[in-house]
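Engineer: Sharing a structure, written as structure tokens. Questions coming.
The values are calculated or read from the model by the stated rules, or taken from the named source; none is laboratory data. Bear in mind the structure is a predicted one, so any value in this text is a computation, not a measurement. So basically every Cβ, Gly included, is an ideal-geometry build from the backbone, and we count neighbours across all protein chains shown.
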Amino acid sequence: MTGHHLAVLAEQSFERHGDYEYLFFEGRWVTSGEIHERSARVAGGLRARGVRPGDRVVVLTMNAPEVFISYRAIWRAGAVVTPVIFLQSVPELRHILTDSGATAAIISPELADLFRNAAEGLGVTAYTIGSSFSELESAEPSAIVPREDDDLAALLYTGGTTGRAKGVMLSHRGLWECGRGLDQVNRTMDVTRSLLALPLSHAYGLIVSIAGLHSDRRHVSVMQRWFDPAGWLRLVAEHRVESAPVVPTMLAMLLAQPLGEHDLSSLRAFGSGGATLPPPVRAAAEKAFGVTVLEGYGCTESSAFVSAETVPEHRAGSVGKPLPHAEVAILDPDGKPVPTGEDGEICVRGPGVMLGYWNDPELTARTVRDGWLHTGDVGRFDADGFLYVVDRLKDLIIRGGFNVFPRDVEDVLLEHPAVQIAACVGRPDPSSGEEVVAVVQLAPGQQVSGPELVEFAKERMAKYKYPREVIVLDSVPLTSVGKINRKAVRAMVKPS
């Protein structure tokens, strides 16, 4: 058995810290001993029911203690964790079940109908939390099934906002190394109580849970089934939470809450990832909460994180320096490094890079070239080695021959006190090729018109950059993990 087996990591974590109140969820404490024992039994149950090393086991649930238990059990059985965001449609879920060739699934009861409709005729055995899942827990505990460093540990399907979801293959070693890198960042915060509201079925939530297994101290987590801003604030006050991993839209939603009604003095730091953090949101969060916001960068194909700020080394606007397991380069279209300070494509090399796309060697070959993962993100390094993310290459708007990055427009709109969330896209235009268009969601109780926001941006941006139209929406479309859903926004603003 190799040194990067994730089930071994979980075992070592339990041996190091012993049995203690590990997780608070919906009114009750779950101990580390309970999670350890139940994981071993579920692993035994899966093996007794035919799950073999390398088999894909889908986990389709909202956040719950059983997610931690299921992940550890699946790895213990030598199988592959295949987490699925619960906000899937029937066709999307059926695609994942079919494409992955999953043999079993662990689901929450409220998703039973969705699963039943999506899995019809596929022969996937489902174990429902609260009922048939208990059959797995009644088995004898299983020993850890040996796996190699480069064996598949997780198969994560990307959101599919630009097309059909693709399976990303991540190894035991890749997730182990990335988790260790993130733990080293967490240690600089010097905190032991965190609030977890990210979906554990997303790469960000998954790697946060793995990072916790590397911790050298007993760490306590308070968890929400799904992010609820008002409930989040209550939990911080009640449990004296010190830190929380978030995505930018979570911060924006929290800032719209009546913060003065809660004692948030225990908060010391936020870790932000999953999407680029707009500078106005970062500044507002640091001022309102009195905390340090540390930003990180990565993608599913890189096992979530390749860089992050730390408490001693952070710089506003950057996503920190590369973590120890990741080599990051800024390359031009010919694959050559660009000078420091110049923009190019962010490329990553190291053990965290995916094994490839499931059942798609051609796409894998186009994405990973000469060992370098081409992320499709534009970025640059400064002279001190801090990484900055500019935008997505595929989101670039070309207006009249000039390049416009959506983030530049969004950041300006977010400077307006009435704007809570902003999204910018290109709309086909016969004269300029593409026209710059934005949609916004206003903060509660605020009022401003689209034309007023156009003028606001026009005063602050180059003539070719400012949006010619801003549309005020009740809510800006987001993906299931809180990112702007640009595919949906483009559909909204396309010419009739």
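Engineer: For region 122-155, how many residues are at pLDDT 95 or above, in a loop (DSSP other than H, G, I, E, B) and closer than 23 Å to E37 by Cβ?
Structural biologist: So the count comes out to 11.
Engineer: Which helices (runs of 4 or more DSSP H) sit wholly inside region 160-245 and have at least 2 residues that are buried (at least 24 other Cβ atoms within 10 Å of the Cβ) and within 20 Å of the chain's Cα centre (by Cα)? Steps first, please.
Structural biologist: Values: elements: 172-189, 203-213, 229-239.
Fully inside region 160-245 and qualifying: 172-189, 203-213.
Engineer: Can you tell me which residue in region 355-370 is surrounded by the fewest Cβ atoms within 10 Å (Cβ to Cβ), limited to those that are farther than 14 Å from T158 by Cβ, over 20 Å from the mean Cα position of the chain (by Cα) and of a type in the set (A, V, I, L, M)?
Structural biologist: The extreme case among them is A365.
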